[in-house]
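Quick notes on the structure that follows.
Each reported figure results from applying straightforward, stated rules to the coordinates on display, with no laboratory input. Note that the coordinates shown come from a computational prediction; the quantities given were computed from them, not determined experimentally. Heads up, the Cβs are rebuilt from the backbone with ideal geometry, glycines too, and the neighbour counts pull from every protein chain shown.
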Amino acid sequence: MALNASTTLPYDTGTVLGVFTDEAFVRHMSEYVGGTLESLTVDGDTSGPFTLTAVRTMPTDRLPDMARKFVGETLSVTQTEQWGAPSADGSREAKLEMTVAGVPLNVAAVQRLITQGTDTVVDLQGNVTSSIPFLGGKIAGAAEPMIGKALNVQAVQARKWLESR
C-alpha cells in the first residue's frame, strides 16, 4: 500500500526537527495514541546526520478483528529514522523504517522536512507491506491510513507543543 501524507507547520525546520527528536514529545505522542514509549535513542548530533530509534508498545484495537486474533492486544513497534545533514536552506530528509515484532509488517518511507519560507512542510512518502498469507493486504491496508493520520496528528500535537512552550 502506498503511503503519502503531507502537512505544513508554521515553524522553521530546525524547530520542527527539535520537537520530533525531543524524548518528552515522542513519549507524549506515544501516549496520545494509547501506546507507551519503551525507549528512544539518538545516535549522532542532530545538527548533522544522525539516527533516531524509537521503540513503542502500541494497542491493536484499530486492526481488523481477524488480525488481532493473530497479533494480540499490543504490538512492539520499532521506528528507525536515518536523517541526512541539512541542505543549504535547512531542509532535511530521513529514511524511515517501521517494523513490528513478530508480525511481517514493514513500513519503508522517506520523510522530508522542507523549508518553505518560515514554514516547514512535513512530507512522508513510502510503502506499507505485510507478507501474512491472505491477511497481508488487509493488514497493510488498515495500517496505511493510520500511519497517514498519525503524521497529521503529530503535526497538530507538535504545533500545540511549541505554542505551549
**Rough spin-label spacing in nm, given labels placed 7 Å along Cα→Cβ, for V110 and Q125** = 0.6 nm
**Request:** Quick one: compute the contact order of the range 1-124, relative version, from alpha carbon pairs under 8 angstrom and 6+ residues apart, as a percent.
**Result:** 27 percent
**Prompt:** What number comes out for the charge environment of Q82, summing +1 per Lys or Arg and -1 per Asp or Glu over other residues with Cβ under 15 Å away?
**Reply:** -2
